[in-house]
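Here's the structure we're looking at; comments come further down.
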Amino acid sequence: MGDSHYDTLGVAENATPEMIKKAYVSLVKEFHPDRAGENEEKHQEYNERLLEIMAAYEVLGNLETKAAYDAERADVPVVSTQPRGKKMSGMPIKSGDIETDYPISMTIAAYGKGKIPMKVAGEKVVIKVYPGVRRYRIANKGVPVEGKPRGDLYVNLKVIPEENWEIDDATNNLICYLQIPPKIAEQGGMVPLTLLLNKTIKITVPAGVKTGDRFAPPEGKGLGILSPKKKGNIIIDVEVAKKKGLFGLFG
């Protein structure tokens, strides 16, 4: 990776928002930890690259933060050998404590099934993930300090983007951006929806929905973030498919 967020995403400084997003989506797919297989070193490498990519897009994917970043770069030369915005894995936040980031799939973030094995400061740590919980404290897994109790480990989970899905942290809802056939959008009906768990259900679309509308299908109740405090629902963000061709086919 290079010295700037532009280098990280492999785009020019005058790249359009569409070009930046396209590069980001492509890199997320390329360095998704699932593609690393069982190779621990490759898995760690992909995790670190993915955190850099996500941090870069967090800045460049927003016009306001991108403008501030560009202004800062114009006034202050970039001399760091690390990409800006990257949190170094295992950097102490205070004496004895360590804070680090770790990427997880949206499925694990939503449903909390499974454990995450990771290596921090040369030591293996296993974290049991709970739905909706993004920050964990693991006692006595920080840096040993002479004459004091060993510090703690703090892990911040960073959700890997998923195409057509988004998490609403305020409500624990899962937002799905779904294309609806014009006839069903007009008259109402049933359409298939593949969940993050790769299970397909049929949901009810109310009549008269338009592009940009949102609705909560009854079949998606309780299928959002499975937090023990508050279970979320699935919310559909509508895009009505455009008709094309002489026969009104849609794509």
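Below, the figures for the structure above:
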| quantity | calculated |
| --- | --- |
| Radius of gyration, Dmax [the chain; alpha carbons; angstrom] | 21.4, 80 |
| Exposed trypsin sites (Lys or Arg not before Pro) absent - longest run of the chain, DSSP non-H/G/I/E/B, at most 10 other C-beta within 10 Å | 1-198 |
| Potential extension, Arg134-Glu18 segment - 0.36 nm per residue separation minus Cα distance | 38.9 nm |
| Members of Lys113/Lys229; Lys128/Lys231; Lys21/Lys158; Lys42/Lys115; Lys66/Lys119; Lys158/Lys221 lying beyond 23 Å, as alpha-carbon distances in this model show | Lys66/Lys119; Lys158/Lys221 |
| 10 Å beta-carbon shell around Thr211, net charge (K/R +1, D/E -1) | -1 |
| Span per principal axis, largest first, for the Cα atoms of the range 125-214 (Å) | 72, 23, 18 |
| Net charge contributed by nearby residues that have their C-beta within less than 13 Å of Ser227 (K/R +1, D/E -1) | +2 |
| For the range 133-181 and the range 11-59, distance of Cα centres in Å | 18 Å |
| Accessible surface of the range 138-231 [probe 1.4 Å, protein heavy atoms]: carbon and sulfur percent | 51 percent |
| Surrounding net charge for Val126, when Lys and Arg each add one and Asp and Glu each subtract one, Cβ distance under 12 Å | +4 |
| Built amide H within the under 5 Å cut-off of Asp237, gap 5+ | Cys176, Tyr177, Leu178 |
| Computed FRET value (nearest 0.05) for Thr200 with Lys243, which takes r as the C-beta separation and R₀ as 22 Å | 0.30 |
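The values are calculated or read from the model by the stated rules, or taken from the named source; none is laboratory data. Fair warning: this is a prediction, and the values are worked out from it, not measured in the lab. Neighbour counts run over all protein chains shown; Cβ positions are idealised from the backbone, glycine included. Keep in mind that these areas ignore ligands, DNA and RNA; they rest on the heavy atoms of the full protein, side chains included. Shrake-Rupley method; radii C 1.70, N 1.55, O 1.52, S 1.80 Å.
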